[in-house]
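A quick write-up on the structure given underneath.
The values are calculated or read from the model by the stated rules, or taken from the named source; none is laboratory data. This is a predicted model, so every value here is computed, not measured. When we count neighbours, we look across all protein chains shown, and the Cβ atoms used for this are built from the backbone with ideal geometry, even at glycine. Ligands, DNA and RNA are stripped out before the accessible areas are found, and what is left, the full protein with its side chains, is counted by its heavy atoms. Shrake-Rupley method; radii C 1.70, N 1.55, O 1.52, S 1.80 Å.
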Amino acid sequence: MKEVEVVRVEVVELLVSASHRLAGRPADGPSEGPDDERVPQVEVRRGLGLVGDRYFGRPAHKDASVTVMSAENLPRHIDPAVGLRHTRRNILLRGVDVDAYVGSTIVLDGVSGPVAFAVNRPARPCAWMDVTVGPGAQRALRGKSGVRCTPLTDGVLALGRTRFRVVDGWPSPA
């Protein structure tokens with residue numbers, strides 16, 4: 001295993017949502033649920049996702065159970081308070097452009113050791129962004145609304161400063 005890049009980043013927000021709140025037509029508005037699903041730390045399970053999240057262990061979301069986004073790409077010109085509650089992503093990082101790492105393995109230093117993710121594909125913004133963030137958000141987020149990942153290790157991530165690494169040769173999941 002070879003590290004190809006190491007960056008100091010900040011885990012700004014973490015979101016675990018037990019239900020899919022953006023189902024149906026955007027004009028109908030989000031489904032009922034807690035006002036804030038942000039958490040100070042999350043338990044990551046290899047191949048399954050984030051414990052308690054709506055995509056945890058779902059076969060249809062095996063390769064997309066965790067979504068990571070860069071804080072620098074949030075459309076703050078549309079809503080200065082925009083965050084994970086609006087974009088429905090799971091992990092918000094400051095200090096790295098995660099959208100540039102599709103096809104890579106990334107590692108965040110977690111509370112209990114390194115937590116690795118296979119970065120599988122871009123997370124495309126949908127029409128809901130114009131409802132939850134504001135008009136023009138879907139267009140503003142094209143090409144920079146995060147990445148869909150598969151967790152490759154178990155671990156715990158918490159808010160705060162950490163290391164972000166890109167590695168070659170991470171063992172593929174069994």
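Couple of notes before you dig in:
- Check on Gly113, farther than 16 Å from Glu5 by Cβ, in contact with a strand residue (DSSP E or B) (Cβ under 7 Å, 6 or more places away or on another chain) and of a type outside the set (A, V, I, L, M, F, W, C): yes
- The set of residues in the range 79-105 that are out of contact with any strand residue (DSSP E or B) (no Cβ under 8 Å at 6 or more places or on another chain) and open to solvent by 50 Å² or more (accessible area, probe 1.4 Å) comprises Pro80, Ala81, Ala100.
- Residue match in the range 122-130 (condition: under 13 Å from the mean Cα position of the chain (by Cα) and more than 19 Å from Leu15 (Cβ to Cβ)): no
- Some residue of the range 146-156 being part of a strand (DSSP E or B), modelled with pLDDT of 80 or more, of a type in the set (A, V, I, L, M, F, W, C) and open to solvent by 30 Å² or more (accessible area, probe 1.4 Å): yes
- Hits in the range 51-73 (condition: open to solvent by 10 Å² or more (accessible area, probe 1.4 Å) and in contact with a helix residue (DSSP H, G or I) (Cβ under 8 Å, 6 or more places away or on another chain)): Tyr55, Asn73
- Total residues in the range 118-132 satisfying the condition of being touching a Pro at 6+ places or on another chain (Cβ under 6 Å) and either open to solvent by 30 Å² or more (accessible area, probe 1.4 Å) or not in a helix (DSSP H, G or I) (or both): the figure is 2.
- Total residues in the range 138-174, condition in contact (Cβ under 8 Å) with a residue 40 or more places away in the chain and in contact with a Phe, Trp or Tyr (Cβ under 9 Å, 6 or more places away or on another chain): 7
- Screening Val102, Val96, Val82, Val66 for residues that are farther than 19 Å from Pro151 by Cβ and not small (Gly, Ala, Ser) leaves exactly one candidate, Val82.
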